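The values are calculated or read from the model by the stated rules, or taken from the named source; none is laboratory data. The structure presented is a predicted model; accordingly, all values stated were derived computationally and were not measured. All Cβ positions, even for glycine, are placed from backbone atoms using ideal geometry, and neighbour counts span all protein chains on display. Ligands, DNA and RNA are excluded from the accessible area calculation, which covers all protein heavy atoms including side chains. Shrake-Rupley method; radii C 1.70, N 1.55, O 1.52, S 1.80 Å.
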Amino acid sequence: MTYGLLTPDVPLGPFEGARITVWSTPGKQAKLHAARSCSYVRSARTVAEREVRLDAEAVGRMCPKCMTRGSWAREGTGLGIFLRTMTGLGLLYEMGSYNEADEEACTDSEVAQAASLLHRTPSSGLAATSQDPGGGPEDEDESAWEELQEARRVRELVFAEWLGALASLIRVHQTLDLFPWLRNWSAVGVRRKEERLEALRSQAERLVERDTLVLAAGVAALDRPTLPSDDPAFSPLGSPAEAAVQLTSLWQRWQSRAKDSWEHPREHDHLVYQLADTMNSRRNGRAPMLERARVLLAEWEKQASHTVVWGESAEQVLLVRLPGGSMPVGGSGTSALDRLGEWERGVLVSYTVAADWQKSTLTVRVPGPVASQLLSHRGAFSYEEPAPVTEGAPGKPAVPGRTDGLAPGVFDDTPVHGRRLVTSKDLAALRSAVRDPEQLYVVLGVEAGVEVMPLSVLERRCSAGWQGIIIAGAGDLPDVLFEGRQASAAGTGTQETALWASRVFDPSDEAFGRSLSAAEGERVLVLLREGRGDVDQALRSLALARTVADLRALDIDEYEDRGHARRPFAADVWNALLAMEQLDLEPFIADPESGWLSGTPLPLGVLAHVQVYTTDATGRYQGRAHSPGCAHRRPMRGLSCDDERVTVEELLGSKGFDPCSKCGGYAVRRLTGDQVAYYRAAHRLHDLAQGVRAGARHGVTRRHQEMARTLEELGALDDRTAMAWFLSNEEARRWRRITHGLRRDLSGAASL
């Protein structure tokens with residue numbers, strides 16, 4: 001495969017003069033390399049790192065190997081996107097492809113011969129011969145069958161090349177739309193690609209018949225017919241009810257095949273043999289049943305022909321909007337065009353009358369039945385009636401502060417005060433050029449201010465008219481924030497080294513509540529990603545995800561064209577955001593029957609607003625509530641936008657909450673250091689209260705001095721601790737009153 005290489009004649013536009021870091025050996029004409037690890041300089045004795053201006057001279061000295069595989073600018077910057085989009089499998093590669101016929105292309109004579117075979121009077125003889133295990137060649141010999149198969153192969157090859165040329169041309173124009181200063185430079189090459197695409201379209205048009213395409217539209221418009229399940233001919237299928245099931249299946253298969261095919265509906269007669277799949281070839285009634293089924297298919301075909309008026313159907317002009325997904329995803333070469341079916345491809349090559357490549361639109365003039373099916377079609381392309389042109393109508397307002405094309409300043413290659421408003425085109429370029437674009441981004445919007453959101457959410461916002469700038473992505477955060485965090489999070493010495501820390505039940509233990517903490521979540525994340533190259537990126541994503549007010553916003557629920565779910569970070573990050581174990585809320589629940597503190601619970605303090613995520617917080621749905629990590633719910637880890645978010649305070653007041661016995665019903669957002677400290681202090685005080693009450697009842701208090709010291713410690717709140725633990729002064733006073741009362745009860749019990 002020949003990759004596109006940047007050449008000195010390629011205009012660099014606003015990126016002309018940008019500073020890039022290179023490696024080179026001494027000498028004015030020495031090659032410039034993107035990395036010290038390049039094999040061309042690895043053995044050199046003297047290799048220096050320096051900065052040079054990006055211009056034609058620097059491009060001429062670039063190492064060819066580094067140009068195709070190296071990175072001359074940091075990924076995600078404007079310059080990085082430009083160079084990545086141009087080189088490798090980018091624009092320069094596309095300009096050299098599908099611009100002329102190669103040795104494997106089908107010639108016009110081959111296409112003409114294939115068309116003559118494909119357009120003869122449709123017959124089911126060949127299909128029947130190939131499908132019926134009990135029959136033999138009757139009307140067509142083996143050589144004729146091979147010739148027909150070869151003709152079909154030619155049609156597939158021509159359509160495949162046309163589809164590839166179409167996708168390539170769309171990608172070229174989408175790239176030129178991002179970098180408009182390249183249009184004059186690329187004009188000759190683009191014209192050659194357009195001429196080649198038109199030649200392929202002309203060849204493909206000869207290999208399909210318009211009447212067959214219109215008839216397929218009629219098949220698609222058919223309602224389910226009345227099925228003759230009680231016909232004696234179908235008695236081999238069983239009872240009329242059993243025959244109805246088989247005939248319904250035949251109808252569905254036939255309609256599905258015929259409506260999405262460029263073959264005449266009669267070419268699908270072989271489907272009748274599926275009725276006899278379980279029958280012996282000598283079964284009585286088999287042959288009459290198959291013949292009656294062929295007649296039934298012919299009747300359906302006749303009904304379809306009656307739904308279209310041959311030669312009298314008014315033509316209709318439609319606008320075809322080509323998908324933005326025509327650009328390859330991360331250089332994969334795949335696009336939404338690959339989802340086009342046979343019928344839709346046949347319609348496009350047969351009825352296209354104009355193309356506006358810069359707007360990614362085609363114009364088709366189609367018969368009425370075809371137009372009806374296209375307008376109701378849901379596929380790779382969207383079809384609509386063109387809007388009437390009104391003279392003097394105002395054009396689309398330009399984005400403030402923007403000029404056409406992607407230039408420095410959209411991403412993090414300029415100071416924040418010099419950033420430009422981000423557009424949908426910029427984000428499309430980012431997605432197509434960056435290996436892992438679906439990450440978290442810090443953005444600043446005009447209305448909402450600073451937010452953290454995944455790329456997919458940002459794309460939807462931009463499409464809806466959102467105006468703002470990108471401040472940084474997760475990968476752009478300074479390295480100094482994460483230096484040494486992997487080693488410190490993994491833990492050494494006496495710190496817990498197992499993946500999941502053992503739960504501690506003694507509140508006097510310093511490790512009590514640690515498993516709920518954000519620090520523990522970070523440690524678990526490092527261990528889960530240990531040995532993988534993305535642990536640093538996972539920590540960066542975690543740092544941004546912690547700032548999101550509602551973690552459900554991180555569920556983007558989108559999939560790529562290849563069916564892979566889009567996620568803004570590794571699934572293991574959810575374990576660092578959520579603690580799947582439940583809080584022990586006994587110290588905060590009033591229970592008058594127990595007599596503990598006269599039924600007065602401790603204040604929730606900073607635990608009151610801790611977020612709780614569950615499938616059902618109030619018992620509104622059938623079944624029990626589950627946490628995001630419950631195996632009963634789904635295999636996918638993490639939150640869903642359908643989950644519910646409540647606070648600990650709200651959960652305590654919910655009477656209908658019915659938790660799963662396996663997972664506890666919910667997960668909590670991991671606690672901060674102050675929240676863990678208060679959680680532990682509340683449990684220590686709760687245990688002391690139980691000990692004091694037990695001692696008073698039995699007339700003896702064990703560990704009197706130790707308990708007194710602990711109560712004095714817990715009651716002596718300084719201002720900083722009080723502000724960190726409680727939401728109001730009243731809660732702090734309430735805490736002090738409880739500790740003072742316990743000290744009084746402890747003294748009274750000791751005097752007995």
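Listing for the model above:
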read-out	value
Length gained when the stretch Arg720-Thr68 is fully extended (0.36 nm per residue, less Cα-Cα span)	229.0 nm
Enclosed volume per residue, in Å³, of the convex hull spanned by Cα atoms of the chain	269 Å³
For the chain: relative contact order, % (alpha-carbon pairs under 8 angstrom, 6 or more apart)	9 percent
Extreme residue, positive dipole direction of the range 28-114, given options Leu32, Cys106, Gly90 (C-beta unit charges)	Leu32
Inter-label distance for Ser747 and Gln705, nm, one decimal - labels placed 7 Å from Cα along Cα-to-Cβ	1.8 nm
Average projection area in nm² (convex hull over Cα atoms of the range 37-106, one quarter of hull surface)	7.1 nm²
About the Cα centre, charge dipole magnitude for the chain (Lys/Arg +1, Asp/Glu -1 at Cβ), debye	2800 debye
Estimated FRET transfer efficiency when R0 is 60 angstrom, pair Val245-Arg153 (beta carbons, to 0.05)	0.95
Förster-model FRET efficiency, 25 Å R0, Arg736 and His609, C-beta, rounded to 0.05	0.70
Computed helical MRE - 222 nm, the chain, DSSP H runs ≥ 4 contributing -39500 (n - 2.57), nearest 500	-12500 deg cm²/dmol
Cα→Cβ-extended label distance, 7 Å offset, between Ser382 and Asp102, nm	3.5 nm
Helical segments meeting 24 Å axial Cα length and Kyte-Doolittle -0.5 threshold in the chain (DSSP H)	142-178
Val548-Arg45 pseudo-label distance in nm [points 7 Å out on the Cα-to-Cβ vector]	5.5 nm
Fraction of beta bridges assigned by DSSP in the chain that are antiparallel (%, nearest 5)	95 percent
Sorted peptide list for 211-219, 669-677, 279-287, 12-20, criterion being average Cβ within 10 angstrom, highest first	211-219, 669-677, 12-20, 279-287
Heavy-atom surface of the range 187-255, accessible at 1.4 Å and reported per residue (Å²)	46 Å²
Accessible area expressed per residue, the range 339-383, with surrounding protein chains retained (probe 1.4 Å, Å²)	39 Å²
Solvent-accessible area, 1.4 Å probe, carbon plus sulfur percent, for the chain	49 percent
